[in-house]
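Reviewing the structure listed below.
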Amino acid sequence: MKPLRLAIILNGIALDKRFFCRKVLPVLRSVYTVDLFETRSRHDAFSLASKTADKLYDVIIAAGGDGTLHQVVNGMLAGRENVKRLPAIAVVPVGTGNDFARSIDIPSNAAKLLALLKDFNTREIDVDEVHYTTSEGSGHRYFINVADLGMGPEVVKRVLDSGRSLGSAVTYFLSILRTFLTYSPMVVTAKADDWEWQGKLRTMAFGNGKYYGHGLCVAPDAILNDGILEAFMCGNVSVFDFVRNSIPLKQGKHINIPEVWYKKATFVTLTSESDCLIEADGELLGKLPATIRITSHKLRFLVPRADHLLK
């Protein structure tokens, strides 16, 4: 078997960038041919992934958080939706939010990454799609983990604006709590093929993966390649109920209160009575009206053989 050629797209402002460059990168270079591409601005990962997708790399490694992976996925697919054999993707969690890596149990560890590359167990994972509204008209993105609306995009804005000096976990929790105290629930309507939900909304998420918001398990039944999105609707819950149920959410348990619904969908339309923002994989997109669906596209990811989140 010929030696693997690796392209690493590294988030240049990742919290653990120094750790990656000192502990992970030298180990990879001791074994493989590695080209490192470091982002310098917010959307660099998209353009870097687009360029590297055509250069016969065996693996593109997204070294960052969920936002970096989101851009890598979109950069690889844009204009190549019908290409049969794109490079495999590996994930190294060195960002603020690493929820997709959490879904496939990938640590930021050089030895385990080497083992993953040596084993080269690739699995096809569903690619999802969101069409949304912008000030210019409309927009479109692919996503691989979770798309959400309501409080979620407001939390993302707070996290991006913060200095993150308290660490990613505390920053996320405080951003969620502050958003909860200031956010005014709005009426949102979601329509799928076999169900409809309408009400004052705190947050609504559609998960290909299980986690978002730094480890909140909003889609405990999600399987990454089953062709189904797991929908989580949280209505106008109180601050008390939110705090009380945040621990069960972290533990991957279903929340059993009247304001929370769990559904399944392959396609859903979303509308709101006032401006409601939407984001995907930690990237702010636009606002409603929007549609979310499972696509026919799949991307190959390097995953552990024991991964129980895949069919």
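State all residues of region 244-269 that are among the aliphatic types (A, V, I, L, M), under 18 Å from TYR211 (Cα atoms) and surrounded by 14 or more Cβ atoms within 10 Å (Cβ to Cβ); if no residue qualifies, say none. It would help to see each step written out before you state the result.
Applying the first criterion (among the aliphatic types (A, V, I, L, M)) to region 244-269 yields 247, 249, 255, 257, 260, 265, 268.
Among the residues that remain, those that are also under 18 Å from TYR211 (Cα atoms) are: 247, 249, 255, 260, 265.
LEU249, ILE255, VAL260, ALA265 - these are the residues of region 244-269 that are among the aliphatic types (A, V, I, L, M), under 18 Å from TYR211 (Cα atoms) and surrounded by 14 or more Cβ atoms within 10 Å (Cβ to Cβ).
If you check LYS157 against the conditions, is it touching a Pro at 6+ places or on another chain (Cβ under 8 Å), at pLDDT 80 or above and either surrounded by 14 or more Cβ atoms within 10 Å (Cβ to Cβ) or not in a loop (DSSP other than H, G, I, E, B) (or both)?
Values: touching a Pro at 6+ places or on another chain (Cβ under 8 Å): no; at pLDDT 80 or above: yes; either surrounded by 14 or more Cβ atoms within 10 Å (Cβ to Cβ) or not in a loop (DSSP other than H, G, I, E, B) (or both): yes.
Here the answer is no, as LYS157 does not meet what is asked.
Rundown of residues vs (1) of a type outside the set (S, T, N, Q); (2) at pLDDT below 95; (3) assigned by TED's automatic domain parsing to the domain that holds LYS200; (4) not in a strand (DSSP E or B), yes/no style:
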| position | (1), (2), (3), (4) |
| --- | --- |
| PRO258 | yes, yes, yes, yes |
| TYR262 | yes, no, yes, no |
| SER274 | no, yes, yes, yes |
| LEU284 | yes, yes, yes, no |
| LYS287 | yes, no, yes, no |
| PHE301 | yes, no, no, no |
| LEU309 | yes, yes, no, yes |
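What number of residues within region 1-36 satisfy the criterion of being among the aliphatic types (A, V, I, L, M) and free of Cβ contacts under 8 Å to residues at least 40 places away in the same chain? Steps first, answer last, please.
Filtering region 1-36 for residues among the aliphatic types (A, V, I, L, M) gives 1, 4, 6-10, 13-15, 24-25, 27-28, 31, 34, 36.
Now narrow it down to the ones that are free of Cβ contacts under 8 Å to residues at least 40 places away in the same chain: 1, 13, 25, 34, 36.
Qualifying residue count, region 1-36: 5.
Which one of the conditions (1) in a loop (DSSP other than H, G, I, E, B); (2) within 27 Å of HIS140 (Cβ to Cβ) does LEU56 fail to meet, given that it meets all the rest?
For LEU56, the failing item is (2).
This table checks each residue for (1) assigned to a loop (DSSP other than H, G, I, E, B); (2) assigned by TED's automatic domain parsing to the domain that holds PHE206; (3) among the hydrophobic types (A, V, I, L, M, F, W, C).
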residue: SER50; (1), (2), (3): no, no, no
residue: GLY97; (1), (2), (3): yes, no, no
residue: ALA101; (1), (2), (3): no, no, yes
residue: LEU113; (1), (2), (3): no, no, yes
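I need a count of the residues in region 186-243 that are part of a strand (DSSP E or B) and without any contact (Cβ under 8 Å) to a residue 24 or more places away in the chain. Before the answer, list the steps.
Within region 186-243, the first condition is being part of a strand (DSSP E or B), and the residues that meet it are 186-192, 196-201, 203-207, 211-212, 216-217, 229-234.
Subsequent filtering for residues that are without any contact (Cβ under 8 Å) to a residue 24 or more places away in the chain retains 196, 198.
The number of residues fulfilling the criteria is 2.
Tell me, yes or no, whether region 199-211 has at least one residue that is modelled with pLDDT of 95 or more, among the aliphatic types (A, V, I, L, M) and closer than 24 Å to GLY65 by Cβ.
Yes.
For region 143-154, give me each residue that is acidic (Asp, Glu) and either within 14 Å of the chain's Cα centre (by Cα) or not in a helix (DSSP H, G or I) (or both). Outline the logic, then answer.
Within region 143-154, the subset acidic (Asp, Glu) is 148, 154.
Listed by number, the list holds a single entry, ASP148.
The values are calculated or read from the model by the stated rules, or taken from the named source; none is laboratory data. Note that this is a predicted model, so its numbers are computed, not measured. Note that we place each Cβ from the backbone using ideal geometry, even for glycine, and neighbour counts take in every protein chain shown.
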